[in-house]
Every structure is written in structure tokens, then in C-alpha cells.
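Down below is the structure, laid out as C-alpha cells.
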Amino acid sequence: MTRKTINCVVMFADVAGSTAMYENMGDDMARERISKSLNKLIAITKRHSGKLVKTIGDEILVYFTDVDMAVYAALSIQETMEDDRSPETIGVSIRIGMQYGSTILEDDDIFGDTVNVAARVASMASARQILCTKEMSFLVKNPELANNMRPFDRLRVKGRKEPLDVYLFGWEDDDDITNMATASSFTNPARHNLAKSLKLTYDSDRYNLNIDTTSFLLGRDKYCEMVVIGDLISRYHSKIEHRRGKFVITDQSTNGTFVTTQEGQEVFLRREELTLFGAGFISLGKKVDRSDENLIQFYCE
């Protein structure tokens, strides 16, 4: 039994939407497609000096001793899968999470807090995303790579008092990326007032939500109560519910939900919630633009 401690980048890369693949394609075909996709990922990481630890279902666990090489490997994975036209793996998307730190290497396996954090970061990622912690992003030496790191979200980890800042590596063209940021906060002047109804206007459609509303979904899926189509809009993007006398909007998307009040206060939500008050505008996936055809107007009574 050999045991030593090393400093390295721990990477989890997994196939996004694998459950749906099994449901839609059947066990055998889905398993084969996932297996061939993982083989591609393994080959890419090895070319970038990564050490495969193991495959776990639909994901691989790899470590790198060089931070920049880990980021280059993640970039190569996403670019390769994006351009993939192989019948065996076409349409497969990957999500990646990484962390740098002290790790225990024992009998060809790795353990420790760094591994646990990397796994948590990977669980936050959506298809085609590359996430890492802020501390790892600051260790990237190549200026081109470092300039593509941007704030994404915050992660609470058991045993730590303060949440970890998570960064997104923007490997796509800027036009295809929505810059994530921690939601700003503002004082809600109506926090003591009870709202009995919420009126929404989208395009030429009007919706009137009452106090019995428990889940009013907004997104591009046909089963949403309000269907909004757009490149940056998730299938089930946001949810509105009436809770304790207030209408609360909760973001559950990849690109976030933007709210602007009639007073001009702007709020960005990502997997967060906000009590709606007064009147204003809601935009899914991008900042509020009064000329946007997908803009949603709201009014509380």
C-alpha cells in the first residue's frame, strides 16, 4: 500500500442528461454511447498529462499536476464534443468541475477535501460548462486562459464557514455566453404588504395569478404555464409561487433571471429567489431590454 500527499487539480467530467438518454434510447444504446464518449474524454485528458483515476457511471475522475494543462484539457473536451460528428457520440454534452489543492494519493485512487469540492463544483455545472473555484482560477498562468475566467456562483461546503466562489471558464464565443454574477440585493419597500394577485403580460397574452398559485412555470418547454422561446432560455427557467402573502420568483436556469422594478432597481437571480413587488419587468436568460420581444411585464396588487 502506497500513500502520499500531492497538490493537484482534481477534475470531474460527466455526460450531461444521461438519465434522459437511457429513457429515450434504451439501456444498451445509451450505455454504448456514454462509454464511447468517456473514452474520448480519457484520451483527451491523457494528451494533456492528466492521470485517470477511475470512471464512475457516466463520469470520469482525473487529476493534473499542472493547473493550465487541466484547463486546456477541459477546453479541448468541450471543443471536441461540440464539433463531434461521429454517429456513436454525436449530441453528447459534457459538464466539468475542478478544484486545486492538497490530495491524498493511495493505491491509484485519490481522497480528501479537494476531491469533495471538485465533485460539488461539477454538480453545479450544466451541459457544456467548465467550472472551478476562484482559488484555482487565480492560479492559471496563461493570460488568455485567465482572461476567460469569470464569477459564476457561490457554493456552501460542509465544514466551511464561508461559501466558496465558483468561476466559469468561458470557452465559447462571447456572444454565446451570459456573464454570471452574484445577485445584488435591495430593500423591498413592500415587504410588509400582502399581494393578492400578480398580473403578467407577455407578447399579447395576459396571465392573472392569485393566492392559490403554487407553481407557475416560465420557460421554453411546452408544459410551462408561460412558454417563452429563446436561445438562452431553459426548458423550465423560472417558477412563480404565492407564499405567505407574497409572490416569489425562483430562478432554476442556466443563464439566470433578470428583474427590473419600475423604480429602475435591477436584480440578477441564479438559483435564487426574489419577492416581486410593485411593477416591473422580467427577462429570462439576459438583461432587461425594453425592446426585447420576450420581455415579461409584471404588476402586483
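For the reader, a short list of remarks on this structure follows.
- Proxy reagent accessibility, fewest Cβ within 10 Å first, across VAL71, VAL267, VAL92: VAL267, VAL92, VAL71
- Restricting segment 1-109 to trypsin sites (Lys or Arg not before Pro) in coil, as DSSP defines it, with at most 12 other Cβ within 10 Å: ARG85
- Between ASP212 and ASN116, the FRET efficiency estimated from the beta carbon spacing at R0 = 41 angstrom works out to 0.45.
- Inter-label distance for GLU301 and LYS199, nm, one decimal - labels placed 7 Å from Cα along Cα-to-Cβ: 0.6
- C-alpha long axis of helix 27-47 to longest principal axis of the chain, angle in °: 60
- Taking 29 Å as the straight-line reach from the Cα of LYS196, the lysines in range (excluding those fewer than 8 positions away in the same chain) are LYS222, LYS239, LYS246, LYS286, LYS287.
- Gain in span if fully extended, LEU52 to GLU162, counting 0.36 nm per residue against the direct Cα distance: 36.5 nm
- Segment 3-176 - share of DSSP beta bridges that are antiparallel (%, nearest 5): 90
- Length gained on full extension, ILE6 to ASP221: 72.8 nm, using 0.36 nm per residue less the C-alpha separation.
- In sequence order, calculated HN-Hα J values of segment 215-228 (Karplus, 6.51, -1.76, 1.60; Hz; x Gly/Pro): 6, 9, 8, 10, x, 8, 6, 5, 8, 6, 5, 10, 8, 10
- When Kirkwood radius over Cα pairs in Å is computed from the coordinates, the matching label among (1) 19.3; (2) 19.8; (3) 21.0 is (3).
- Other-chain or far-sequence residues with amide H under 5 Å of THR254's (modelled H): SER234
- The relative contact order of the chain comes to 12 percent, based on Cα pairs under 8 Å that sit 6 or more residues apart.
- Exposed loop sites here are chymotrypsin sites (Phe, Trp or Tyr not before Pro) assigned a DSSP state other than H, G, I, E or B and surrounded by at most 16 other beta carbons within 10 Å; excluding them, the longest clear run of the chain is 1-137.
- Remark: the ASN24-VAL248 segment gains 77.2 nm on full extension, using 0.36 nm per residue and subtracting the alpha carbon distance.
All of the numbers you see were taken from the coordinates with simple rules; none came from a lab. As the structure is a prediction and not an experimental result, all values here were calculated from the model. Here the Cβ is made from the backbone with ideal geometry for all residues, glycine too, and neighbour counts use every protein chain on show.
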